[in-house]
1. Can you tell me which residue among Asp66, Asp79 is over 17 Å from the mean Cα position of the chain (by Cα), surrounded by fewer than 19 Cβ atoms within 10 Å (Cβ to Cβ), under 23 Å from Leu8 (Cβ atoms) and of a type outside the set (S, T, N, Q)?
2. Please determine, by comparing only the residues of segment 39-89 that are aromatic (Phe, Trp, Tyr) and touching a residue at least 24 places away in the same chain (Cβ under 8 Å), which one is farthest from Asp17 (Cα to Cα).
3. Given the criteria touching a residue at least 60 places away in the same chain (Cβ under 8 Å), among the small types (Gly, Ala, Ser) and surrounded by 13 or more Cβ atoms within 10 Å (Cβ to Cβ), does Ala29 qualify?
4. For segment 12-25, indicate whether the set of residues that are within 28 Å of Gly120 (Cβ to Cβ) and assigned to a strand (DSSP E or B) is non-empty.
5. Only one of Gly68, Gly32 is within 17 Å of Asp143 (Cα to Cα), among the small types (Gly, Ala, Ser) and at pLDDT below 95; which?
6. Suppose we filter segment 154-187 for residues that are of a type in the set (Ser, Thr, Tyr), assigned to a loop (DSSP other than H, G, I, E, B) and at pLDDT 85 or above; how many remain?
7. List pairs: first residue in segment 161-187 and among the β-branched types (Val, Ile, Thr), second residue at pLDDT below 80 and surrounded by 10 or more Cβ atoms within 10 Å (Cβ to Cβ) anywhere in the structure, Cβ distance under 8 angstrom, at least six positions apart or on different chains.
8. Name the single residue that is farthest from the chain's Cα centre (by Cα) among those in segment 104-129 being among the aromatic types (Phe, Trp, Tyr) and more than 18 Å from Cys145 (Cβ to Cβ).
Amino acid sequence: MPRANTRLEKTTRLTGDDLEQAWKVYELAFAGLATRAVQQHLMTREEFDEVCADVRVFKYVVRDADLGTLCGFATFSNDLSTVYQLSEDYYENRWPRQFAERSIWYIGCVGVHPAYRSSGVFVTLVEAMCRVVHEQRGVASLDICRYNDERLALPRLISRIVNSFGHATEGERLDVQTYWAYDFAAA
């Protein structure tokens, strides 16, 4: 798809039609991970609504400039308490200065409507968030499931976006959580 004619907006709260459109984009973008990732990557509608109402979490939306409809959605916060099951102690120990300055940012999700994949919408969202982190000399963190790592190569794509700021920064895998199963029916 050629680069879409879009505009980026940042807000602390989504309501009304924007909330409905953001949910649809999010749901379409993440539904495929329901059967590809062990950990839940698709919030329930209730969880999504809570995040969209939480002013501690910034919401970035990309609109099709011609149609006015949302085609991309992302969440971004420097209040690590907003991220379920994240260890603030880990981040404080690893990056004490950035933790104290609240310049550690967590990218909760980046979703692009399937009709806008490969149109620059993902890059627009990630660039906007990373620009904030870059200006603060902070840390950007996110979780990426194995499918998005190995099949879609998201860490490499994000590294290319980050390096476009003229500052060679390589992503680093912080941790690995491995899920195991013992199938007694297969014995």
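The values are calculated or read from the model by the stated rules, or taken from the named source; none is laboratory data. These figures come from a predicted structure and were not determined experimentally. Every residue, glycine as well, gets a Cβ built from its backbone with ideal geometry; the counts of neighbours run over all protein chains shown.
1. On the way: Asp79 fails: over 17 Å from the mean Cα position of the chain (by Cα).
Criteria check complete, one pass: Asp66.
2. Start the filter on segment 39-89 by keeping residues that are aromatic (Phe, Trp, Tyr), which leaves 48, 58, 60, 73, 76, 84.
Of the ones still in play, those that are also touching a residue at least 24 places away in the same chain (Cβ under 8 Å) are 48, 58, 60, 73, 76.
Values: Phe48: 14, Phe58: 18, Tyr60: 15, Phe73: 14, Phe76: 21 Å.
The qualifying residue farthest from Asp17 (Cα to Cα) is Phe76.
3. Details: touching a residue at least 60 places away in the same chain (Cβ under 8 Å): yes; among the small types (Gly, Ala, Ser): yes; surrounded by 13 or more Cβ atoms within 10 Å (Cβ to Cβ): yes.
When the stated conditions are applied, Ala29 passes them.
4. Applying the first criterion (within 28 Å of Gly120 (Cβ to Cβ)) to segment 12-25 yields 12-25.
Filter once more, so that each one left must be assigned to a strand (DSSP E or B): none.
Within segment 12-25, none of the residues are within 28 Å of Gly120 (Cβ to Cβ) and assigned to a strand (DSSP E or B).
5. Testing whether each residue is within 17 Å of Asp143 (Cα to Cα), among the small types (Gly, Ala, Ser) and at pLDDT below 95 leaves just Gly32.
6. Quick first cut of segment 154-187, residues of a type in the set (Ser, Thr, Tyr) only: 159, 164, 169, 178-179, 182.
The next check asks that each one be assigned to a loop (DSSP other than H, G, I, E, B); those that pass are 164, 169, 178-179, 182.
Now narrow it down to the ones that are at pLDDT 85 or above: 182.
The qualifying residues number 1.
7. Close Cβ pairs satisfying both conditions: Val162/Thr169.
8. Of segment 104-129, the ones among the aromatic types (Phe, Trp, Tyr) are 105-106, 116, 122.
Checking the rest, the ones that are also more than 18 Å from Cys145 (Cβ to Cβ) come to 105, 116.
On the way: Trp105: 11, Tyr116: 16 Å.
Once the filter is applied, the top-ranked residue is Tyr116.
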